[in-house]
1. Name the helices (runs of 4 or more DSSP H) wholly inside region 252-355 in which the number of residues that are among the acidic types (Asp, Glu) is 3 or more.
2. Within region 184-201, which residues are part of a helix (DSSP H, G or I) and touching a residue at least 12 places away in the same chain (Cβ under 8 Å)?
3. Which one is farthest from PHE387 (Cα to Cα), of the residues in region 58-104 that are assigned to a loop (DSSP other than H, G, I, E, B) and of a type in the set (Ser, Thr, Tyr)?
4. Checking ARG69 against (1) more than 24 Å from LEU339 (Cα to Cα); (2) basic (Lys, Arg); (3) touching a residue at least 40 places away in the same chain (Cβ under 8 Å), which test does it fail?
5. Is there any pair with a first residue in region 294-320 that is outside the structural domain of ALA240 (by TED's automatic domain parsing) and at pLDDT 95 or above and a second that is aromatic (Phe, Trp, Tyr) and surrounded by fewer than 24 Cβ atoms within 10 Å (Cβ to Cβ) whose Cβ atoms are under 7 Å apart and which are 6 or more apart or on different chains, and what are they?
6. What single numbered condition from (1) touching a residue at least 60 places away in the same chain (Cβ under 8 Å); (2) in the same structural domain as LEU299 (by TED's automatic domain parsing); (3) not in a loop (DSSP other than H, G, I, E, B) fails to hold for ASN404?
7. Would you mind finding the one in GLU316, GLU354, GLU288 that is in contact with an Asp or Glu (Cβ under 6 Å, 6 or more places away or on another chain), among the acidic types (Asp, Glu) and under 20 Å from TYR202 (Cα atoms)?
8. Given the conditions (1) of a type in the set (S, T, N, Q); (2) closer than 23 Å to LYS403 by Cβ; (3) over 16 Å from the mean Cα position of the chain (by Cα), report the number of the one that ASN290 does not fulfil.
Amino acid sequence: MTSFDLVVRGAFVLIGDNWRAAEIGVTDGVIAAVSATPLEGAHVITLADDEVLVPGIVDTHVHVNEPGRTEWEGFSSATRAAAAGGVTTVIDMPLNSIPATTTVAALATKREVAAEKAMVNVGFWGGAVPQNLGTLRELHDAGVYGFKAFLAPSGVDEFDHLDAEQLESALEEIAGFDGLLIVHAEDPGVLDAHANEGGVDYHRFVESRPDAAETTAIERVIAGVRRTGARAHILHLSSAAALPALRAARAEGLRITVETCPHYLTMSEEQIADGATQFKCCPPIRDEANRDALWQALLDGDIDIVVTDHSPSTPELKFAHGGDFGLAWGGIAGLQLGLAAVWTEAARRDIPLERVLGWMSNATARFAGLESKGRIAVGADADLVVFAPDATFTVHADQLLHKNPVSAFDGRELRGVVRQTLLAGRPVDVADDAEPHGVLLSR
């Protein structure tokens, strides 16, 4: 009988969309066998009765912030937190690092830093800003997975947003080499028209970033895709009001994909207290009816993937202004908690775990073109998670592996515990002094 480097045995293994009793044989980091009969291995993991085996989460929207803002996060802390939460692959956003990933040289700098610290697999997005239009092909050829653009101010000076003419230019350029533009879609004119004095009132913050900011910007992206034939992706959709336009565009055959995030699926405006700036993000968390509509859009296929938009900062940036939503940094740090948070709410809605994993693992891997990720099958990478779906835990922000003890999930009881994360068939040790063995990925 063939002996494998590792055999994982379990009564519930997610293969495709179905749960099966199976033995998974791993050789050289790749799944070499999926068997209903016993396999032999140099190492064997036998799942407990309350555990299931699932493919690792692929999170395509993560702000690691290194180099340049490592007091906010960094590759060591971010990828350790990722592994603790069942995430085996992250794709890092081009901001809020300094330099931003808008040149080949900046990408090389980021790769050099990440290579020594990555506990999980890491890929990189490039940025599309006014200053690098006309040179995007160079970044594409250097291996970025696509190009992020803001249509309104990004919040950091080194990453400028695109105006309407520049958006058109970026789409035309990217269409020329069949790349991908991923868009933070809020309209600056709508935001300016609804700007207010800020303060501790969360509803006033939501009023300052209304649904129309998203719908107007998304309609501009749709029109640009229609004219240029480019591929585009709408980041962190918070407003269900944009869904009819997106649904129509996709029915028309336009190549537009859509994501949403755990905080939009698990939180609502009604639950957020005045001054609770740990919940501030842009676009904002909206009301309960909107949340229900986002879930329905996922079930209907109108939203493709769920990713964390992990956007951490220091406690000072989040809390130093006395709960003023106008002054606090906007971003939710959720990399370690995304799977458990979404599964908790999905279970409450009687949505099965395999659907959640479809949105957070298989579909995200396909979206990024990572054909060997996000599935348990012969030939796929052995990036696997031993998960206890019915176990529960209470979130304590100061116990998370994110660099800063700031979490909108603090105090919540969540369902689903990651018992072990395997990267290429090797258990990931998340201790501070553990040796990193993540792989840097290129498109």
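1. Details: elements: 262-266, 288-300, 315-319, 338-348.
The helices (runs of 4 or more DSSP H) meeting that bar are 288-300.
2. First, the residues of region 184-201 that are part of a helix (DSSP H, G or I): 188-193.
Passing the criteria: PRO188, GLY189, VAL190, LEU191.
3. Keep residues of region 58-104 that are assigned to a loop (DSSP other than H, G, I, E, B), which gives 63-74, 85-86, 93-103.
Checking the rest, the ones that are also of a type in the set (Ser, Thr, Tyr) come to 70, 97, 101-103.
Working: THR70: 30, SER97: 32, THR101: 34, THR102: 37, THR103: 39 Å.
Checked region 58-104; the qualifying residue farthest from PHE387 (Cα to Cα) is THR103.
4. With respect to (1) more than 24 Å from LEU339 (Cα to Cα); (2) basic (Lys, Arg); (3) touching a residue at least 40 places away in the same chain (Cβ under 8 Å), ARG69 is out only on (3).
5. From region 294-320, no pairs qualify.
6. The number of the failed condition is (3).
7. None of the others qualify; the one that does is GLU288.
8. Condition (2) is where ASN290 drops out.
The values are calculated or read from the model by the stated rules, or taken from the named source; none is laboratory data. Values in this document were obtained by computation on a predicted structure and should not be read as measured data. Please note: Cβ atoms are built from the backbone with ideal geometry, for glycine as well, and neighbour counts cover all protein chains shown.
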